[in-house]
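The values are calculated or read from the model by the stated rules, or taken from the named source; none is laboratory data. Here the structure is a predicted model, which means the values were calculated and not measured. Neighbour counts run over all protein chains shown; Cβ positions are idealised from the backbone, glycine included. For the accessible areas, the whole protein counts, side chains as well, though only heavy atoms, and no ligand, DNA or RNA atoms are used. Shrake-Rupley method; radii C 1.70, N 1.55, O 1.52, S 1.80 Å.
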Amino acid sequence: MCGAPKQGGGLAGVDLTTQTVIQGSVWHDGSPVAGAYVRLLDATDEFTAEVVTSPEGEFRFFAAPGQWTLRSLSPIGRAERTLAADVGLNETTLAIA
Amino acid sequence: MSRNDVLVTADWAQENLGRPGLVFVEVDEDTAAYDGGHLEGAIKLDWKKDLQDPLRRDFVDKAAFEALLSAKGISNDDTVVLYGGNNNWFAAYAYWYFKLYGHQDVKLVDGGRKKWELDGRPLSKDVVERPATTYQASEPDLSIRAFRDEVVASIGSKNLIDVRSPDEFSGKILAPAHLPQEMAQKGGHVPTAMNIPWSKAANEDGTFKTDEQLAALYDEQGYDENKATIAYCRIGERSSHTWFVLRELLGKSDVKNYDGSWVEYGSLVGVPIEK
């Protein structure tokens, strides 16, 4: 229940009229980064959730409308992005420089 | 009890893999993590399949816990060294659970699986089998486990610590944001609860903050040393993390984990809720 579900895959079964989905992938040097830790921080920069990216570098969160920050940690480096999410699908990319 | 008795570093763990008398145990919900590579010689426990009653919402009973540990090859006098994903949430839950059934020597690997991976330390895919034992558990120690009636009775009198994220505390979301937000329970928190998220006790790599930082954190948030304490979250695993900090690292007395947590409390008819 609280363990990180498998990341990636389709959105079948997810009600995008009620859920605020924030999803995307982590990239570095033209390739997706598997096994990166991606955390979702709220508008006050407090931890809300964390997942590990899929073999294709994907992550997905179920949040609420508002401002969020995504931060990825991995042995090859960090990336961060702030976004405003609305109900429905919010897609983004984290690029590790 | 102090930090050195209950917490080991990743370096220590790596140096002591395979040492007789130590059993490394990975605890995750996502057992695929273990199967994809684990600490050399570590066995796995599935927090749900192995540690939850298959029918009712409760722990496995004493006899089932004895059967589980016997089959896993854990002896009463082994030192159990726990680690896991999710910033050690489920490893901390298992730590609390082992203590509930009276296991003497239990430790957590600081930072768990995340720090291990971020450090690039070796993982093994070898199948691990240990010879069966005859494990004997104690009767459950209910001095560390709170039930719903005690929580309701503690409103306004004990330290109630809601360790969920601020957005769960306020009722904006109902679960950690890696899970779909469709739940039966109402949003909000137990009246008079302080919101001290578990994450404030941890660094980004999943390790615990220093004892000085932790002591200052609870002081600043209004923790009253003269009161008993109950920690809760959504299903009791993040509050195990905070229970570990308060009782095992900071040595505070009379600290309980309410594992029914918000999934139970937020579904109760007639109890007070604040938003």
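Pull up the range A:64-86, narrow it to residues that are at pLDDT 95 or above and not in a strand (DSSP E or B), then point me to the one that is farthest from the other protein chains (Cβ to nearest Cβ).
A:D86
Quickly run through the range B:39-76 and pick out the residues that are closer than 23 Å to B:R121 by Cα, within 14 Å of chain A (Cβ to nearest Cβ) and either assigned to a helix (DSSP H, G or I) or in contact with an Asp or Glu (Cβ under 6 Å, 6 or more places away or on another chain) (or both).
B:K44
If only one of A:D29, A:D15 is of a type in the set (D, E, K, R), within 16 Å of B:L179 (Cβ to Cβ) and either surrounded by fewer than 13 Cβ atoms within 10 Å (Cβ to Cβ) or facing chain B (nearest Cβ under 10 Å) (or both), which one is it? Break it down stepwise before answering.
Numbers: A:D29 fails: within 16 Å of B:L179 (Cβ to Cβ).
Of the residues listed, the single one that is of a type in the set (D, E, K, R), within 16 Å of B:L179 (Cβ to Cβ) and either surrounded by fewer than 13 Cβ atoms within 10 Å (Cβ to Cβ) or facing chain B (nearest Cβ under 10 Å) (or both) is A:D15.
Mind checking whether some residue in the range B:73-83 is of a type in the set (A, V, I, L, M), out of contact with any strand residue (DSSP E or B) (no Cβ under 7 Å at 6 or more places or on another chain), farther than 26 Å from B:N203 by Cβ and not assigned by TED's automatic domain parsing to the domain that holds B:R238? Let's see the steps before the verdict.
Keep residues of the range B:73-83 that are of a type in the set (A, V, I, L, M), which gives B:74, B:80-82.
This time we only want the ones that are out of contact with any strand residue (DSSP E or B) (no Cβ under 7 Å at 6 or more places or on another chain), so: none.
Taking every residue of the range B:73-83 in turn, none turns out to be of a type in the set (A, V, I, L, M), out of contact with any strand residue (DSSP E or B) (no Cβ under 7 Å at 6 or more places or on another chain), farther than 26 Å from B:N203 by Cβ and not assigned by TED's automatic domain parsing to the domain that holds B:R238.
Among the residues that make up the range B:104-117, is at least one of them small (G, A, S) and open to solvent by 10 Å² or more (accessible area, probe 1.4 Å)? I'd like the intermediate steps shown before the answer.
Kept after step one, since they are small (G, A, S), are these residues of the range B:104-117: B:111-112.
Imposing the further condition that a residue be open to solvent by 10 Å² or more (accessible area, probe 1.4 Å) reduces the set to none.
No; the residues of the range B:104-117 include none that is small (G, A, S) and open to solvent by 10 Å² or more (accessible area, probe 1.4 Å).
Among (1) within 14 Å of chain A (Cβ to nearest Cβ); (2) in contact (Cβ under 8 Å) with a residue 24 or more places away in the chain; (3) open to solvent by less than 10 Å² (accessible area, probe 1.4 Å); (4) β-branched (V, I, T), where does B:I173 come up short?
B:I173 satisfies every listed condition except (2).
Which condition number does A:A34 fail, the rest of (1) in a loop (DSSP other than H, G, I, E, B); (2) over 16 Å from B:K114 (Cα atoms) being met?
Of everything listed in (1) in a loop (DSSP other than H, G, I, E, B); (2) over 16 Å from B:K114 (Cα atoms), A:A34 misses just condition (2).
If I filter the range A:42-51 for residues that are more than 9 Å from chain B (Cβ to nearest Cβ) and open to solvent by less than 60 Å² (accessible area, probe 1.4 Å), do I get at least one hit?
No, because not a single residue in the range A:42-51 is more than 9 Å from chain B (Cβ to nearest Cβ) and open to solvent by less than 60 Å² (accessible area, probe 1.4 Å).
Mind listing just one residue for me: the one in the range B:148-170 that is more than 25 Å from A:D86 (Cβ to Cβ) and open to solvent by less than 10 Å² (accessible area, probe 1.4 Å) and, of those, farthest from the other protein chains (Cβ to nearest Cβ)? It would help to see each step written out before you state the result.
Of all residues in the range B:148-170, those more than 25 Å from A:D86 (Cβ to Cβ) come to B:148-163.
Still in the running and open to solvent by less than 10 Å² (accessible area, probe 1.4 Å): B:151, B:154, B:159-163.
Working: B:V151: 19, B:S154: 24, B:N159: 20, B:L160: 19, B:I161: 15, B:D162: 13, B:V163: 11 Å.
Among residues in the range B:148-170 that are more than 25 Å from A:D86 (Cβ to Cβ) and open to solvent by less than 10 Å² (accessible area, probe 1.4 Å), the one farthest from the other protein chains (Cβ to nearest Cβ) is B:S154.
Looking at (1) part of a loop (DSSP other than H, G, I, E, B); (2) facing chain B (nearest Cβ under 9 Å); (3) not hydroxyl-bearing (S, T, Y), find the lone condition where A:F61 falls short.
(1)
Identify all residues within the range B:181-234 that are open to solvent by 30 Å² or more (accessible area, probe 1.4 Å) and of a type in the set (S, T, Y); write none if there are none.
If we filter the range B:181-234 for residues that are open to solvent by 30 Å² or more (accessible area, probe 1.4 Å), which is where we start, we get B:181-184, B:186, B:192, B:194-195, B:200, B:203-205, B:209-213, B:215-216, B:219-222, B:224-227.
Matches in the range B:181-234: B:T192, B:T210.
For the range B:22-44, enumerate the residues that are touching a residue at least 24 places away in the same chain (Cβ under 8 Å) and open to solvent by 40 Å² or more (accessible area, probe 1.4 Å).
Residues of the range B:22-44 touching a residue at least 24 places away in the same chain (Cβ under 8 Å): B:22-30, B:33, B:35-43.
Within the range B:22-44, B:E29, B:D30, B:D35, B:G36, B:E40 meet the criteria.
What's the number of the condition B:S124 fails, among (1) open to solvent by 50 Å² or more (accessible area, probe 1.4 Å); (2) touching a Leu at 6+ places or on another chain (Cβ under 8 Å); (3) more than 14 Å from every other protein chain (Cβ to nearest Cβ)?
Of (1) open to solvent by 50 Å² or more (accessible area, probe 1.4 Å); (2) touching a Leu at 6+ places or on another chain (Cβ under 8 Å); (3) more than 14 Å from every other protein chain (Cβ to nearest Cβ), only one is false for B:S124: (1).
Sort through B:Y135, B:Y95 and tell me the only one that's surrounded by 15 or more Cβ atoms within 10 Å (Cβ to Cβ) and either basic (K, R) or closer than 21 Å to B:I235 by Cβ (or both).
Numbers: B:Y135 fails: either basic (K, R) or closer than 21 Å to B:I235 by Cβ (or both).
Result: B:Y95 is the single residue among B:Y135, B:Y95 that is surrounded by 15 or more Cβ atoms within 10 Å (Cβ to Cβ) and either basic (K, R) or closer than 21 Å to B:I235 by Cβ (or both).
So how many residues does the range B:245-275 have that are closer than 15 Å to B:Y97 by Cβ, among the hydroxyl-bearing types (S, T, Y) and either touching a helix residue (DSSP H, G or I) at 6+ places or on another chain (Cβ under 6 Å) or open to solvent by 40 Å² or more (accessible area, probe 1.4 Å) (or both)?
Qualifying residue count for the region: 1.
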